[in-house]
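Below is one structure; the comments refer to it alone.
The values are calculated or read from the model by the stated rules, or taken from the named source; none is laboratory data. These figures come from a predicted structure and were not determined experimentally. Cβ placement follows ideal geometry from the backbone for every residue including glycine, while neighbour counts extend to all protein chains displayed. Note: areas computed on protein heavy atoms with side chains; ligands, DNA, RNA excluded. Shrake-Rupley method; radii C 1.70, N 1.55, O 1.52, S 1.80 Å.
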Amino acid sequence: SSSQTSIFDSTDRTFFLTGLQMEVGEQATPFEHRSFGEELLLCQRYFEFINGGMGCAMTTGTANGNFCFTYRADKRASATAALVGTPVVNDGSQQSNINSIVASYHSFTSGIFLDLSTGTVNNNEAIMVYSTSATVGFSFDAEL
């Protein structure tokens, strides 16, 4: 009606659509109802970001540590690891930054084994790998 505004008369309009399933071809299939958790696991087959207390590593010198991570969801292929921000390690007596990923020795669809370059740490000790904020951690990318 003339008293209503149009969704097309401004670029500041928002249109929300839910419950849509697109089909290829002329044969429609039954609608798939998936939970948020199912959708998240399907997305994590391609990408995963971890932060917080991420696990333990073992030092292999005074500036390196080996870290093994098991993914929440199996990836579609071997993933590429990257630092996001500056995670840290702690050997019980000192905290050091993780400077880089030196190598990814074993990358499987279920997990990855990384050699991390750290600040000064004690040799042959267990170290805790963690982040100092919600935006710091590791990303694992298995995109197409």
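Quick one: if the Förster radius is 30 Å, what FRET efficiency do residue 38 and residue 4 give, using the C-beta to C-beta distance and rounding to 0.05? Approximately 0.20, to the nearest 0.05.
Short-range pairs are left out: with C-alpha atoms under 8 Å and at least six residues apart, the relative contact order of the chain is 31 percent.
Quick check: at a probe of 1.4 Å, how many percent of the accessible area of region 1-142 sits on carbon and sulfur atoms? Within region 1-142, the accessible surface is 54 percent carbon and sulfur.
Mean separation of Cα pairs under 8 Å and 6 or more residues apart, divided by the residue count, gives region 102-144 a relative contact order of 22 percent. Globularity index of region 20-93 is 1.70 (Cα radius of gyration / 2.2 N^0.38 Å, N = number of residues). Each residue of region 62-113 gets 91 Å³ once the volume of the Cα convex hull is shared out per residue. Normalised by 2.2 N^0.38 Å, where N counts its residues, the alpha-carbon radius of gyration of the chain equals 1.53.
Here the peptides 32-45, 112-125 are ranked by packing, the mean other Cβ count within 10 Å, and the order with the highest first is 112-125, 32-45.
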